[in-house]
Amino acid sequence: MTRGLALRLVLAALAIALILWLFVACAAGRPTSLIRLREGYEVLTAHCEARPPESCTPVHVTGDPHDEEAWGFRARPAPDALWKEPEVLYAVGDRGRCDEVRVALGTPTEACWGPVYFRRN
């Protein structure tokens with residue numbers, strides 16, 4: 001095998017890996033479930049971890065402003081949480097509610113963005 005062919009194969013493999021990573025990253029951020037936090041707030045998440053007292057309800061993102069509204073934010077794990085990635089959550093309600101949820105979580109968070117519109121299934 002020549003060096004040129006080997007280099008092209010490596011670059012092709014890297015390109016495929018990058019494309020797959022982008023698909024996984026996009027899927028991880030898309031909200032698919034609604035959970036109720038212990039603090040009483042409802043948030044949308046891509047990962048449903050149904051454990052009491054949280055409940056898990058499937059949702060469908062519609063983009064229709066006539067449906068329910070949620071605002072997204074990224075919650076970073078506590079500094080002592082090893083191997084944990086930031087989580088994207090969507091607070092159900094307006095932007096003010098999103099800020100309330102960010103404060104209630106007690107972890108570092110980024111500013112709210114949105115809105116996203118959804119329906120409960």
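The values are calculated or read from the model by the stated rules, or taken from the named source; none is laboratory data. As the structure is a prediction and not an experimental result, all values here were calculated from the model. Surface accessibility is based on the protein's heavy atoms, side chains included, excluding ligands, DNA and RNA. Shrake-Rupley method; radii C 1.70, N 1.55, O 1.52, S 1.80 Å.
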Can you put 30, 74 in order of accessible area, largest first, using a 1.4 Å probe?
30, 74
Please report the carbon-and-sulfur percent of the accessible area for the stretch 55-120; probe 1.4 Å, protein heavy atoms only, DNA, RNA and ligands left out.
52
Provide the solvent-accessible area of residue 47, counting protein heavy atoms only and rolling a 1.4 Å probe, rounded to the nearest 10 Å².
100
